[in-house]
Amino acid sequence: QVQLVESGGGLVQPGGSLRLSCVASRIIFSMYAMGWYRQAPGKQRELVATITAGGATNYTDSVKGRFTISRDNAKNTVYLQMNSLKPEDTAVYYCNAERPRLTYWGQGTQVTVSS
């Protein structure tokens, strides 16, 4: 059974930083595009950042320059470094693994930005 397990969420003050991690098991990790999505209360899930199997990255406009997605294929792990956090970044953050006709999701990790 494929598993994506996120960690690193928590409570942080505005302007602070967090690093999320997502460890994948039972997939050939290097063949998957990986992504981070988030869902705030009362809102739809939205894409935050993606990284292809080849390492190309993409970000939603609201996080460009503040967030960095990266991957370590040797550790089956994708990261999301989040800097200069804002209250509007508060959400449950989900890890995603995708390739043609296959999509997997983690259970999510809560990020709360508040003073």
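The values are calculated or read from the model by the stated rules, or taken from the named source; none is laboratory data. All of these numbers come straight from a predicted model, not from anything done at the bench. Every residue, glycine as well, gets a Cβ built from its backbone with ideal geometry; the counts of neighbours run over all protein chains shown. Quick note on the areas: whole protein, heavy atoms, side chains included, nothing else; ligands and nucleic acids left out. Shrake-Rupley method; radii C 1.70, N 1.55, O 1.52, S 1.80 Å.
Taking into account only those residues within the range 65-88 that are within 19 Å of Gly16 (Cβ to Cβ) and basic (Lys, Arg), which is surrounded by the fewest Cβ atoms within 10 Å (Cβ to Cβ)? Within the range 65-88, the match that is surrounded by the fewest Cβ atoms within 10 Å (Cβ to Cβ) is Lys86.
The set of residues from the range 17-39 being surrounded by 14 or more Cβ atoms within 10 Å (Cβ to Cβ) and either in a loop (DSSP other than H, G, I, E, B) or small (Gly, Ala, Ser) (or both) comprises Ser21, Ala24, Ile27, Tyr32, Ala33, Gly35. Taken over the range 1-16, the residue count meeting the criterion of being touching a Lys or Arg at 6+ places or on another chain (Cβ under 8 Å), in a strand (DSSP E or B) and open to solvent by less than 70 Å² (accessible area, probe 1.4 Å) is 0.
Please verify whether Val48 is touching a residue at least 24 places away in the same chain (Cβ under 8 Å), touching a Ser or Thr at 6+ places or on another chain (Cβ under 7 Å) and of a type outside the set (Gly, Ala, Ser), treating the condition exactly as stated. For Val48, the condition - touching a residue at least 24 places away in the same chain (Cβ under 8 Å), touching a Ser or Thr at 6+ places or on another chain (Cβ under 7 Å) and of a type outside the set (Gly, Ala, Ser) - is met.
Of the residues examined, Val111 is not one that is of a type in the set (Val, Ile, Thr), assigned to a strand (DSSP E or B) and under 22 Å from Gln1 (Cβ atoms). When Ser70, Ser62 are screened for being touching a Leu at 6+ places or on another chain (Cβ under 9 Å) and not β-branched (Val, Ile, Thr), only Ser70 passes.
Residue-level check: of (1) in contact with a strand residue (DSSP E or B) (Cβ under 6 Å, 6 or more places away or on another chain); (2) within 30 Å of Ser115 (Cα to Cα), Ala97 misses just (2). Which residues, counting only those in the range 42-64, are more than 22 Å from Thr90 (Cβ to Cβ), aliphatic (A, V, I, L, M) and either part of a strand (DSSP E or B) or open to solvent by 70 Å² or more (accessible area, probe 1.4 Å) (or both)? Of everything in the range 42-64, just one residue is more than 22 Å from Thr90 (Cβ to Cβ), aliphatic (A, V, I, L, M) and either part of a strand (DSSP E or B) or open to solvent by 70 Å² or more (accessible area, probe 1.4 Å) (or both), namely Ile51. Of all residues in the range 89-108, which are buried (at least 20 other Cβ atoms within 10 Å of the Cβ) and not in a loop (DSSP other than H, G, I, E, B)? The answer is Asp89, Ala91, Tyr93, Tyr94, Cys95, Asn96, Ala97.
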